Amino acid sequence: MRLRFFPAVLLLFLFLNGCAGMQVAKKVERSMAAGDYAGALAAIEKDKKQYAGANSLLYYFDRGALLQRMGDYSASSTDLEEGELLIEKLYGTSVTEAMASMLVNDMSMSYTGEDFEQVMVHIIKELNYLYKHDLQGAMVEARKVNTRLVQLSDKYGKEGVYKQDAFARYLAAFAREAEQDYNGAYIDYKKAYQAFEWYGKHYGMSMPLMIKEDLLRLSRWVGFDDEYRHWRKAFGDDIPEPGRRSRQRSELLLVIYDGMVPVKHTRYVAKPIEDPDGNPYTLKVAFPVFEPRLPVISRVRLGLPDGQVAVSQLMEPLAAIAIQNLEQRIGLITVKAIARATVKYIAAYQVRKAARSQLVNLATNIFTFVTERADTRSWRTLPNRFHLLRVCLPAGQHDLELRLVSLEGEARPGGRPLSVSLKEGEKKVMPLYVPR
């Protein structure tokens, strides 16, 4: 008798374990949208149980991103390092988890992160180091970005849609230039340019003007005359002639976090069928999809001491990367979802046949309907996209004003003060968060 009902008990156990939600994510998003990062972090700690077990990686992802926004860059990197270690530990999913996911859904498996999220761990850490002016630390993370992208390129081959990260390349080039490694910086700027060409083909993104300026400036500074003539011919006369090399060139690089990354939802395909005994059964398959969310701004304008205005440029279309990265995997996800639906169908039929009860027939249909869910977990504390605003400023203290420009191209009411202090020749990196 006990053995007869064991499958039903097992299904119920797996159902309860596979349907644990992440309701805390909504609380975190509401606090983030209001700019209350401390409140978002408090929500995570209050509902820490929701991050336990299979959701552990998201705990380090979310804490790391929020601590960065609170200005605690060291603590942010510490949490992200824990996440990095956990990704490596979870690289080979256990057989037990894989079997459980075939009976319930992928939510029962440990979350290992989307491909782009695994890269973003290192980019967020790279930014932490740049904000602290730890150029060596930033370069270490830049190398980790490259290693991870090579792994992804090997994994997907020519079909890969996320083989390069232009934003990470640009940050690495900036760090090298800040170290006065002009040859190395020029090489990285060239690689960033190639990555931006890739972005143009796959994400419809325009080539940032600043990378053209950097290539002209660095090729001239390091004496690569042929390269300089090549870029001058390629870019035309719209870009001013670069000035002479100066080690006293003080600069501000403003990193703008625009909006919030898309959120995953479940898309269902359900088909009513009959089992071999003629009893009704619902064959249901679930797929994850990223629901697009609009960014918040089109650009940022910064008033300069000489009366001119500097304008930010889009550098990382993270939302587009997220959506295409998931779409690339949808074939494998579909195969597994169909296989899971088939396994559930066979298990349900065996339970029905053993029990021979209309109540059990109904229960198996309900189980199939309720437990079939796509894995909708994601790193929800990332921005929708990144912009950069790079400008030369004289050494000293500057009290400037920022203006956010809406997606419709209108300046949003009210400016934002920006105070920056620069030493002679210093290259300072600062964040600006625009969650809504």
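What follows is calculated from the coordinates using simple rules that are stated; it is not laboratory data. Just so you know, these numbers come straight off a predicted model, no measurement behind them. As a convention, Cβ positions derive from the backbone with ideal geometry for all residues, glycine included, and neighbour counts pool all protein chains shown.
Quick notes on this structure:
- This ranking places Trp198, Trp379 by how few other beta-carbon atoms lie within 10 Å of each, fewest first, which gives Trp198, Trp379.
- Least to most buried among Ser108, Ser74, Ser153 (fewest other Cβ within 10 Å first): Ser74, Ser153, Ser108
- Asp181/Arg412 FRET efficiency (R0 30 Å; Cβ-Cβ; nearest 0.05): 0.20
- Comparing Cα centroids, the range 307-327 and the range 172-242 end up 18 angstrom apart.
- Cα gyration tensor shape for the range 120-191, rounded if a/c is under 1.5, else prolate or oblate: oblate
- Each of Lys144, Lys26, Lys201, Lys427 was scored by other Cβ atoms within 10 Å of its Cβ. Listed from fewest to most, they are Lys201, Lys26, Lys144, Lys427.
- Candidate aspartates and glutamates - alpha carbon under 20 Å from Lys271, same-chain residues fewer than 8 apart omitted: Glu372
- Among the listed pairs Lys48/Lys132; Lys48/Lys89; Lys201/Lys233; Lys89/Lys125, those beyond 24 Å (Cα-Cα): Lys48/Lys132
- Annotation for Tyr433 and Leu283: the two label points, set 7 Å from Cα along the Cα-Cβ direction, are 4.8 nm apart.
- The alpha-carbon of Lys155 sits under 12 angstrom from the alpha-carbons of these aspartates and glutamates, leaving out residues fewer than 8 places away in its chain: Asp115.
- Cα-based reach from Lys27 at 13 Å (exclusive), listing aspartates and glutamates while leaving out same-chain residues under 8 positions away: Asp36, Glu45, Asp47, Asp62
- The range 163-237 shape via C-alpha gyration tensor axes, a/c threshold 1.5: oblate
- The length gained by stretching the chain between Ala270 and Glu327 to full extension, at 0.36 nm per residue less their Cα-Cα distance, is 18.5 nm.
- Prolate is the label for the range 279-324, because a/c, from the alpha-carbon gyration tensor with a ≥ b ≥ c as root eigenvalues, is 1.5 or above and a/b exceeds b/c.
- Using 0.36 nm per residue and subtracting the Cα-Cα separation, the extra length available between Ala33 and Leu85 on full extension is 15.8 nm.
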